[in-house]
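Report on one structure; see the data block that follows.
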Amino acid sequence: MSQIISAQVGQCGNQIGTKFWEIISGEHGIEPNGTYNGDSPLQLEHIDVYFKEVEGKKYVPRAVLVDLEPATMNLVRLSTYGNLFQPDNFLFGKIGVGNNFARGYYTDGMDFIDDVMKYSKGSGNVR
């Protein structure tokens, strides 16, 4: 079965992605802390497509959350499903780019591309 890594980039991507994980977690019977509390074996049938099992019956998303602005990551962490993610799921900068597209695209953002690719290819989220 294929495994999918979700890449959530920027404030919008992380807001949409967080909602995605809330919905898919509910479909698979995953609680906000990552534990399985479902009532059907079908919920676990293809769970490894989006989740990685750690510590027996605790699941974490196969995801990388990226933003140059650390405040966005803090909002995700403080959300209902913020504890679902492991700390190494988050890649963020020290300071945002102040809604300056050119700075995010050509300078500060370019530094993150290598980190995101390394994470996606070699992290514990990929078998």
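Quick notes on this structure:
- Residues that are in contact with a helix residue (DSSP H, G or I) (Cβ under 9 Å, 6 or more places away or on another chain), of a type outside the set (Phe, Trp, Tyr) and surrounded by 15 or more Cβ atoms within 10 Å (Cβ to Cβ), drawn from the range 33-45: 34, 38, 43
- Selection within the range 109-127: residues that are at pLDDT 70 or above and of a type in the set (D, E, K, R). The member of this set that is farthest from residue 70 (Cα to Cα) is 121.
- Residue in the range 90-106 that is at pLDDT 75 or above and surrounded by fewer than 14 Cβ atoms within 10 Å (Cβ to Cβ) present: no
- Any hit, the range 1-24, residues being among the hydroxyl-bearing types (Ser, Thr, Tyr) and out of contact with any Leu (no Cβ under 9 Å at 6 or more places or on another chain): yes
- For the range 5-38, a residue qualifies if it is assigned to a loop (DSSP other than H, G, I, E, B), out of contact with any Gly (no Cβ under 7 Å at 6 or more places or on another chain) and over 30 Å from residue 99 (Cβ atoms), and the qualifying residues are 31, 32, 33, 34.
- Close contacts from the range 36-47, counting a first residue that is among the small types (Gly, Ala, Ser) and a second that is part of a helix (DSSP H, G or I), with Cβ to Cβ under 8 Å and a gap of 6+ residues or different chains, come to 38/44.
- Cβ-Cβ contacts under 7 Å between residues 6 or more apart (or on different chains), taken from a first residue in the range 51-69 that is outside any strand (DSSP E or B) to a second residue that is surrounded by 24 or more Cβ atoms within 10 Å (Cβ to Cβ) and aromatic (Phe, Trp, Tyr), are listed as 62/51.
The values are calculated or read from the model by the stated rules, or taken from the named source; none is laboratory data. Since this is a predicted model, take the numbers as computed values, not measurements. All Cβ positions, even for glycine, are placed from backbone atoms using ideal geometry, and neighbour counts span all protein chains on display.
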